[in-house]
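Worksheet for the structure shown next.
The values are calculated or read from the model by the stated rules, or taken from the named source; none is laboratory data. Predicted model only: the values in this text are computed from it and were never measured. Here the Cβ positions follow ideal geometry from the backbone for every residue, glycine too, while neighbour counts run over all protein chains shown. When the accessible area is computed, the model is the full protein with side chains, heavy atoms only, and any ligands, DNA or RNA have been set aside. Shrake-Rupley method; radii C 1.70, N 1.55, O 1.52, S 1.80 Å.
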Amino acid sequence: MKKFLSVLVALTLLLSLAACGKTESKAAVSDIPGLEDGVFTVGMECAYAPYNWTQTDDSNGAVPISNVPGAYANGYDVMIAKKICEANGWELEIVSSAWDSLTPAVQSKTMDANIAGQSMTADRMAEVDMAGPYYYATIVCVTTKDSPYASAQSIQDLAGGKCTAQSGTIWYDSCLPQIAGVELLAPADTAPAMIMSLQTGTVDFICTDMPTAMGAVAKDDSLVILDFSGTDGDFQFATEEERAENVNIGISVLKGNTALKEAIDAVLSQMTVEDFNKLMDEAIAVQPEI
């Protein structure tokens, strides 16, 4: 009987230890709405380098895209998402979503957050709450080195050109229309499509943010960035506050989910502008060919 009890105690202890080990391998359970299972579900296009892109393996720290079997996501947004998860003990789930579907997905609670290179505009913040900024991105144009617009010193020098930008962005809706006599073609559905329209000669120049432009130029040396920021020839906004909301990049969460916003901001507040820029440089260095 003593031998039997000893074996029983040993088995009980073994099962207890095994259970403990299993619990420690799980994501931290959270009392934040949407994070009760410890899984941070993040939406992004997975097609907006260097913020985010799709690749075929897990190299350079890429993570699986849950709704695209065999595909992996990487980029600046993924790197930021991983830092947030590491700080909170959460598991990261990346979901690929079309740009126009991102905000509705957060509103419907399909996503916990969007980390997708979204500007912190007043219109967007009327629909969702936004943590951040997690990057500060100036607005620029990109053209080809052999273009007559390559020597432009202001947006006035781009007058009459054919151009486009990504749909649903401040670049298309507010910036490009400021150029006199511009021939504004239909917006591109994605950043790669926008860049392709320039590479194929469909347009003379495109308008985007600096990281997207830097990523394009890093992979195609026939392109050149036109940066008018800080000059009288730059794109104009009614106030500096309006300019800031269009260059500050934030993370969308459900309206009223203050706990999640604060948890994200707690991580971002520990990072400096230099930290953001260094991480963006790392993303650009490992992004795949356009």
Practice task
Could you pull out the residue among GLY43, GLY70 that is open to solvent by 20 Å² or more (accessible area, probe 1.4 Å) and among the small types (Gly, Ala, Ser)?
Solution key: GLY70
Practice task
Kindly indicate whether VAL217 is within 19 Å of ASP146 (Cα to Cα) and outside any helix (DSSP H, G or I).
Solution key: no
Exercise for the section: From (1) over 28 Å from MET196 (Cβ atoms); (2) open to solvent by less than 20 Å² (accessible area, probe 1.4 Å); (3) among the hydrophobic types (A, V, I, L, M, F, W, C); (4) out of contact with any Leu (no Cβ under 8 Å at 6 or more places or on another chain), pick out the condition that doesn't hold for CYS85. Expected result: (4)
Fill in the blank from the handout: Taking segment 46-67 and the residues there that are part of a strand (DSSP E or B) and at pLDDT 95 or above, the one that is most open to solvent (accessible area, probe 1.4 Å) would be PRO64
Exercise for the section: Check whether at least one residue in segment 232-245 is under 19 Å from the mean Cα position of the chain (by Cα), within 26 Å of LYS83 (Cα to Cα) and either without any contact (Cβ under 8 Å) to a residue 60 or more places away in the chain or outside any strand (DSSP E or B) (or both), and report yes or no. Expected result: yes
Fill in the blank from the handout: VAL273 vs (1) in contact with a Lys or Arg (Cβ under 8 Å, 6 or more places away or on another chain); (2) exposed (fewer than 14 other Cβ atoms within 10 Å of the Cβ): all pass except (1)
Exercise for the section: Looking at (1) touching a helix residue (DSSP H, G or I) at 6+ places or on another chain (Cβ under 8 Å); (2) closer than 21 Å to MET111 by Cβ, find the lone condition where PHE235 falls short. Expected result: (2)
Problem - Any chance ASN257 is surrounded by 14 or more Cβ atoms within 10 Å (Cβ to Cβ) and out of contact with any Asp or Glu (no Cβ under 9 Å at 6 or more places or on another chain) - result: no
Exercise for the section: Return yes or no: is ALA165 touching a residue at least 40 places away in the same chain (Cβ under 8 Å) and open to solvent by 50 Å² or more (accessible area, probe 1.4 Å)? Expected result: no
Practice task
Please find, among VAL224, VAL267, VAL217, VAL203, the residue that is of a type in the set (Val, Ile, Thr) and within 30 Å of GLU86 (Cα to Cα).
Solution key: VAL267
Problem - Odd one out for LEU184, checked against (1) hydrophobic (A, V, I, L, M, F, W, C); (2) closer than 16 Å to GLN287 by Cβ; (3) open to solvent by 10 Å² or more (accessible area, probe 1.4 Å) - result: (2)
Exercise for the section: Filter segment 95-142 down to the residues that are assigned to a helix (DSSP H, G or I) and modelled with pLDDT under 95, then identify the one that is surrounded by the most Cβ atoms within 10 Å (Cβ to Cβ). Expected result: TRP99
Practice task
Give the residue, chosen from ASP173, ASP204, that is more than 22 Å from ALA283 (Cα to Cα) and at pLDDT 95 or above.
Solution key: ASP204
Exercise for the section: Go through SER174, SER197 for me and flag whichever is polar (S, T, N, Q), open to solvent by 30 Å² or more (accessible area, probe 1.4 Å), more than 22 Å from VAL273 (Cβ to Cβ) and in a helix (DSSP H, G or I). Expected result: SER174
Exercise for the section: Go through segment 226-284 and give me each residue that's among the aromatic types (Phe, Trp, Tyr) and within 17 Å of TYR135 (Cα to Cα). Expected result: PHE276
